[in-house]
Amino acid sequence: MYGFIARQPIFNPDMNTVAYELLFRDGMANRFPDVSAEYATSRMISDHFLSVPSQRIAGTQTLFINFPSRMVIDRSGEALDKESVVIEILEDAVPGEALLQAVKEMNAHGYRFALDDFTLAPEWDRFLPYISVLKFDVRNYTLAQIQDYLHTRKNLTRHIKYLAEKVETKEEFKRYRDAGFSLFQGYFFCRPEVIKYKRLSQNQLAIFRLQMEVGRNKPDFRIIESLIKTDLTLSYKIMRYMKHTAFKHVGACNFSKLTLSEVLRYLGENQLRRFVAVVVLASAGNDTVDELYPLSMMRGKFCELIAEKMPAPGLAENAFMCGLFSLLDTLLELPMAELMKQIAVPQAVSQALCHQEGVLADMVTLCRHYEQQEWEEAARIANGLGLSDDDVVDAMRTATIWAGKMRRVKAPHGVAT
């Protein structure tokens, strides 16, 4: 399964790329598809920021991403890395009290905002202290009009960078550069480039049930954990969300020592609801489940069952995660070491998947030998783990049945089989 995204460079006065604006696409056609702004932004957050390492799309450059006002008010932007992202408030936003309060609060936590296609309307004046970038459409306003506006608001805008967008000629670029603009965007520099990337699909029923559970007054964290564990995509995204976003709100933590259940409790109800809201909206048009998904689920369950036969407290949950993520590099076509840097997993899991070290790695290897019917190698590893043939056969049978049930579950629009 593939996702698509367009990126348009943003340049400085020396014509060096300093940022990219990311634009949602649903194919290689370089145009915005017929979807809502909310769906487009949610898909971009879910597919790009919570799945694909951002270095693959934009290197170390700052990213600008469009946000409908409702998603700003709902604090959906808190799913993003505030160090590398500028949230663009779309031109059709109404400068109301709820939007202002959201911008104030998020700005106080370090988030940066841009006003896109800025209209010069005085109603936006009270937002200006919390804005980092003003984007002026040079096709809609003359330089004289823009300068007139800025001259009357010197005290409000002295901290703000000005971006000239839709610059189409070298003369326009020079004119706005000489006028003090520091950022530039438009076809004179570069048209948006569409990038195709591997993306994870999602179990619709798990998402539907997860949405129902987090919506309760008192969510049951055991149910939430079990739902997330039944879907590879959700498991990966929640761990990456924890690694890259949540710790900035809830404080520093040694993530390598947290189990999945501890991660969920550490996040808390509000952060979980924000995470689920993005994933639910983004899942509206998912494709069918890849053949590697049931295999990933089977591996996770197999490793968990094997671990339960060993006298090591807490091993089973890490074993499940290790088996579940053991095919991520194949699914996303990225190196495992790079993927493990993007998510919060226990060190033992990372060591097993990246370096094939430790008892968890032995479990995954044992599972793989059984899959490939390499009986002698499987028997050797099983003996090393202190397992009988019956232990392994029973675990494999149970895990295969369990994964088969997960595969048969489909619920587009909430319908289950």
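The numbers here are math on the coordinates, done by the rules we state, and not lab data. Note that the structure is a prediction, hence the values are computed from the model and not measured. Here the Cβ positions follow ideal geometry from the backbone for every residue, glycine too, while neighbour counts run over all protein chains shown.
Estimated at 0.36 nm per residue, the fully extended path between Ser261 and Arg126 surpasses their Cα-Cα distance by 44.3 nm.
Using the empirical formula 2.2 N^0.38 Å as the baseline, the Cα radius of gyration of region 148-188 reaches a ratio of 1.23.
Qualifying GluC sites (Glu not before Pro) in region 311-387, where qualification requires a DSSP coil assignment and no more than 11 other C-beta atoms within 10 Å, comprise Glu333. Stretched out straight at 0.36 nm per residue, the stretch from Thr62 to Asp390 would grow longer than its current Cα-Cα span by 112.6 nm. Residues whose amide H comes within less than 5 Å of that of Val86, counting only those at least five positions distant or on another chain, are Leu63, Phe64, Ile65 (H built at 1.01 Å from N in the peptide plane).
Peptides 217-225, 130-138, 293-301 ranked from most to least packed by the mean count of surrounding Cβ atoms within 10 Å: 293-301, 130-138, 217-225. For Ala19, the residues whose modelled amide H falls within less than 5 Å of its own, excluding neighbours fewer than 5 places apart on the same chain, are Ile10.
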